[in-house]
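One structure below.
The values are calculated or read from the model by the stated rules, or taken from the named source; none is laboratory data. Note that the structure is a prediction, hence the values are computed from the model and not measured. All Cβ positions, even for glycine, are placed from backbone atoms using ideal geometry, and neighbour counts span all protein chains on display. Surface areas here come from the heavy atoms of the whole protein model, side chains and all, with no ligands, DNA or RNA. Shrake-Rupley method; radii C 1.70, N 1.55, O 1.52, S 1.80 Å.
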Amino acid sequence: MSIAATASAVGETRAAGPARRRPRRRWTRFILPVYSWLVIAYLVFPIAVMILYSFNKVTTGLPQVSFAWNGFTLQWYREWSNIPGLTSAFWLSIRLAIASTVFSTVIGTLLALALVRYQGRRFRGKTLIEQTMFLNIAAPEVVLGASLLGLFITVNLARGFVTLLLAHVAFSIAYVAVTVRARMSGFDRSLEEAASDLGANSWVIFRKITFPLIMPGILAGALMAFALSIDDFVTSNFVSGAAVPFPVWVYGATRIGIPPQVFVFGTAIFTVGILCAIASVIIGWRKPT
């Protein structure tokens, strides 16, 4: 075909205008959005029930959760600290979650940096560490809790806050490392190389360039570690001993009746988690300066 004929064909194609779009199928226009909202409703419904019944009156003599709606009240929010064992268990879980988040975030971030930065002979055993990390995520909590309990008994370490902290850090490190590593997968190393060429040392490069760029991943990993710690029951039940965290206390209370303050604390935890997630998203949107 000659050049003139080709140009003529191209001109006719442009003159004909863009091809008509195929109409969207009904299942992509209607069924998929409905399905998505149903899944979201299924996930949110138990939380909504908890928040709703934290405002429910109790007409029986004992302050126990009743799923028969008896009227709106703020009594349980005013009397949130009237259950001594529950209050101490809640604050224990808060302290435990904060401590385990700090340790697991620092260790997991450093592990992610090592896995991404060092390749080949510079990091022997990298594959073994990666496999161990993913096995830690995939292992059932019953197995992890039982193995940690056996370890603590073998080394004669009394169960309490220390064993809880060691257990929570153990299962949180892998989640933080995977999250931060995913953030670093598209990291532009040329920025660090440019800073090095301009005379910046390793600490300045990390503080001014590396850390701000991976900060959203670190925050996401920290939030995940905090959430895993504060609601963990299976592993905590094995290694708690005399130090009873919030989930273990609630499980024990189910035998005699759950006080409404449990829903108050659950609502508070959920609200703080939502606010932290929103803050993490906002920080992730901001470009590092």
**Prompt:** For the subset of the stretch 164-182 comprising residues that are among the β-branched types (Val, Ile, Thr) and closer than 29 Å to residue 242 by Cα, which member is surrounded by the most Cβ atoms within 10 Å (Cβ to Cβ)?
**Reply:** 176
**Complete:** Restricting attention to the stretch 255-268, the residues that are over 22 Å from the mean Cα position of the chain (by Cα), under 15 Å from residue 89 (Cα atoms) and surrounded by fewer than 19 Cβ atoms within 10 Å (Cβ to Cβ) number exactly 1
**Message:** Within the stretch 33-49, does at least one residue satisfy the condition of being closer than 30 Å to residue 245 by Cα, open to solvent by 80 Å² or more (accessible area, probe 1.4 Å) and modelled with pLDDT under 75?
**Reply:** no
**Request:** May I ask you to verify whether residue 185 is under 20 Å from residue 107 (Cα atoms), hydroxyl-bearing (Ser, Thr, Tyr), open to solvent by 60 Å² or more (accessible area, probe 1.4 Å) and modelled with pLDDT under 85?
**Result:** yes
**Item:** Which listed residue is in contact with a strand residue (DSSP E or B) (Cβ under 6 Å, 6 or more places away or on another chain) and without any contact (Cβ under 8 Å) to a residue 40 or more places away in the chain, from 55, 72
**Value:** 55
**Request:** Could you tell me whether the stretch 269-280 includes any residue that is of a type outside the set (Gly, Ala, Ser), open to solvent by less than 70 Å² (accessible area, probe 1.4 Å) and under 22 Å from residue 177 (Cβ atoms)?
**Result:** yes
**Message:** Could you tell me how many of the residues in the stretch 197-212 are among the small types (Gly, Ala, Ser) and buried (at least 16 other Cβ atoms within 10 Å of the Cβ)?
**Reply:** 1
**Complete:** Within the stretch 61-76, residues open to solvent by 70 Å² or more (accessible area, probe 1.4 Å), at pLDDT 70 or above and either outside any strand (DSSP E or B) or of a type in the set (Val, Ile, Thr) (or both) come out as 67, 69, 74
**Prompt:** Does residue 226 satisfy the condition of being open to solvent by 30 Å² or more (accessible area, probe 1.4 Å), touching a residue at least 12 places away in the same chain (Cβ under 8 Å) and either in a helix (DSSP H, G or I) or not aliphatic (A, V, I, L, M) (or both)?
**Reply:** yes
**Asked** Of (1) more than 19 Å from residue 252 (Cα to Cα); (2) modelled with pLDDT under 90, residue 81 satisfies all except one. Which?
**Response** (1)
